[in-house]
1. Here are some conditions: (1) within 17 Å of the chain's Cα centre (by Cα); (2) more than 14 Å from VAL132 (Cα to Cα). THR103 meets all but one. Which one does it not meet?
2. If you check ALA142 against the conditions, is it of a type in the set (Gly, Ala, Ser), assigned to a helix (DSSP H, G or I) and without any contact (Cβ under 8 Å) to a residue 12 or more places away in the chain?
3. Could you say which residue among GLU185, GLU175 is open to solvent by 40 Å² or more (accessible area, probe 1.4 Å), part of a helix (DSSP H, G or I), over 22 Å from ILE74 (Cβ atoms) and touching a residue at least 40 places away in the same chain (Cβ under 8 Å)?
4. List the residue pairs whose Cβ atoms are under 7 Å apart, where the first residue sits in region 79-105 and is more than 20 Å from ARG124 (Cβ to Cβ), the second is crowded, with 17+ Cβ neighbours inside 10 Å and among the acidic types (Asp, Glu), and the two are 6 or more positions apart or on different chains.
5. Hey, among the residues in region 99-124 that are part of a loop (DSSP other than H, G, I, E, B) and β-branched (Val, Ile, Thr), which one's surrounded by the most Cβ atoms within 10 Å (Cβ to Cβ)?
6. Pick out the one residue from ALA152, ALA110, ALA116 that is touching a helix residue (DSSP H, G or I) at 6+ places or on another chain (Cβ under 9 Å) and among the hydrophobic types (A, V, I, L, M, F, W, C).
7. Return yes when ASN48 is closer than 20 Å to ARG153 by Cα and polar (S, T, N, Q) and no when it is not.
8. Within region 83-98, track down each residue that is assigned to a strand (DSSP E or B) and within 23 Å of HIS151 (Cα to Cα).
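The values are calculated or read from the model by the stated rules, or taken from the named source; none is laboratory data. Everything numeric in this text was worked out from a predicted model, so none of it was measured. No Cβ is skipped: glycine too gets one built from the backbone with ideal geometry, and neighbour counts run over all protein chains shown. The protein model used for the area step is the full one, side chains on, heavy atoms only, and it has no ligands, DNA or RNA in it. Shrake-Rupley method; radii C 1.70, N 1.55, O 1.52, S 1.80 Å.
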Amino acid sequence: MADLNGKKKPDAIASGFACFFRFDMLIFRLAYFAGKGGAAVFGAEQFNSFLVDIFGRINKIEERAMAEGFGSAISITEVHIIEKIGGMEPVRMGDLAKSLGVTLATLTVACDRLEAKTLVCRSRSQSDRRVVHITLTDKGRAAYEYHKAFHARMIASVLDSLSPEQAAVLAQSLEKLQDFFRQEEAAMGGEAHG
């Protein structure tokens, strides 16, 4: 693995995943949990602890991978804004804010920081001067591609260790979790973002 400057980096990220992504055990527990009603096998407290732990670890490793590969401080929030821009560009600031589920004012502050780091560029529409478009700079595009490659390695490391049946159980379980989050978000007045 190389950083964005082309320097060789040890693949500590991949080995880190092996240490804590025990998806084979998770799949076994989820399958058993789904088939048996689950309360005694994989309790709510244990499941909650697992989700909190895995979410925190993904964020830490993702942030560390970006810092090592990118050579400068970039927050997870900034990475995810870059990710969204990269998938939509050129994108109107209002559409991006809506897609991220934040106010335009919040996005403007975040984009001020990204622009100061020369990761994004904002420009006014020629046809409607009220509209501001945002795109990635070359440096922002490199960060986007690096982050995309990170996710590809993460997913491959998980899926390579699963049987098709285990992958199906994981996908079904994650879909149920995603549905719950969408319902909660909708109930709080937010939009369910795909």
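1. With (1) within 17 Å of the chain's Cα centre (by Cα); (2) more than 14 Å from VAL132 (Cα to Cα) applied to THR103, the lone miss is (1).
2. No, not satisfied.
3. Of GLU185, GLU175, the one residue that is open to solvent by 40 Å² or more (accessible area, probe 1.4 Å), part of a helix (DSSP H, G or I), over 22 Å from ILE74 (Cβ atoms) and touching a residue at least 40 places away in the same chain (Cβ under 8 Å) is GLU185.
4. What qualifies is VAL79/GLU62.
5. Top of the filtered list is VAL102.
6. ALA110
7. In short, no.
8. Correct list: VAL91 only.
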